[in-house]
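Step one of this worksheet: look at the structure below.
Every number here is computed from the coordinates shown, using simple stated rules; none is lab data. Since we're looking at a predicted model, the values are computed, not measured. When we count neighbours, we look across all protein chains shown, and the Cβ atoms used for this are built from the backbone with ideal geometry, even at glycine.
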Amino acid sequence: MQLKGKVWKFGRDIDTDAIIPARYLNTADPVELAKHVMEDADKDFASKVQTGDVIVAGANFGCGSSREHAPIAIKAAEVGAIVASSFARIFYRNAFNIGLPIFESPEAVEHIKEGDVVEIDTSTGLISNLTTGSQYHAKPIPPFMEELINSGGLIQWTRNKLGIAA
């Protein structure tokens, strides 16, 4: 699968409270959560981000609590993918469980700038900066995890396997 979008750049240690502040956790509605995504890191992010855009961030993205609201808010905002130097372990798993593609590439994070346009090949892990012509490598998404993403997450993947309508 190919993903393409404009980059929004964030620093390191972006925790789940910066992704979706606790004051909005009185709802589980993805559309409502998307209205406040990244609000404590960039108050205008939700109004600026476009479908398919890519978050690029430093190390330890998604640290903090284990709440699934954080990757759900990002996916509901229609962010196409996240590239980070590293991810908090629980965020990493939650992202795949809800069908949000994420990639680890410290080199890409170091060189990609906000506003650049990138293209990511999920099967090879190749990240191409279409603005500069540079290319970077991330671990490709394992086939099973790519199945989860293509299905829309673990729940939908399970429904598909069991032949259960959504």
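Here are a few things to note about the model shown:
- Estimated inter-spin distance, residue 130 and residue 89, nm [label 7 Å along Cα→Cβ]: 3.7
- Label-point separation, residue 22 to residue 42 (7 Å along Cα→Cβ), nm: 2.5
- Spatially close lysines, pair count over the chain: Cα under 21 Å, gap of eight or more or interchain: 25
- Computed about its Cα centre, the charge dipole of the chain is approximately 320 debye, with only Lys, Arg, Asp and Glu carrying charge at their Cβ.
- Alpha carbon centroid spacing (whole Å) that separates segment 1-76 from segment 83-142: 15
- Mean separation of Cα contacts under 8 Å, 6 or more apart, over the residue count of the chain: relative contact order %: 23
- At q = 0.28, 0.29 Å⁻¹, base-10 log of I(q)/I(0) for segment 17-67 (Debye sum, equal scatterers on each alpha carbon): -1.29, -1.33
- Of all DSSP beta bridges confined to the chain, the antiparallel ones make up roughly 50%.
- Total formal charge among the other residues, if their Cβ is under 10 angstrom from that of residue 136, Lys/Arg +1 and Asp/Glu -1: -2
- Segment 13-23 - phi-based ³J(HN,Hα) in whole Hz, Karplus 6.51/-1.76/1.60, Gly and Pro as x: 6, 6, 8, 5, 6, 6, 6, 9, x, 4, 5
- Under a 5 Å amide H cut-off, with hydrogens placed 1.01 Å from N, residue 87 pairs with 60, 61 among residues at least 5 apart or on other chains.
- Projected onto planes of every orientation and averaged, the convex hull of the alpha-carbon atoms in the chain covers 8.9 nm².
- Segment 38-110: GluC sites (Glu not before Pro) in DSSP coil with no more than 15 other Cβ atoms inside 10 Å: 78
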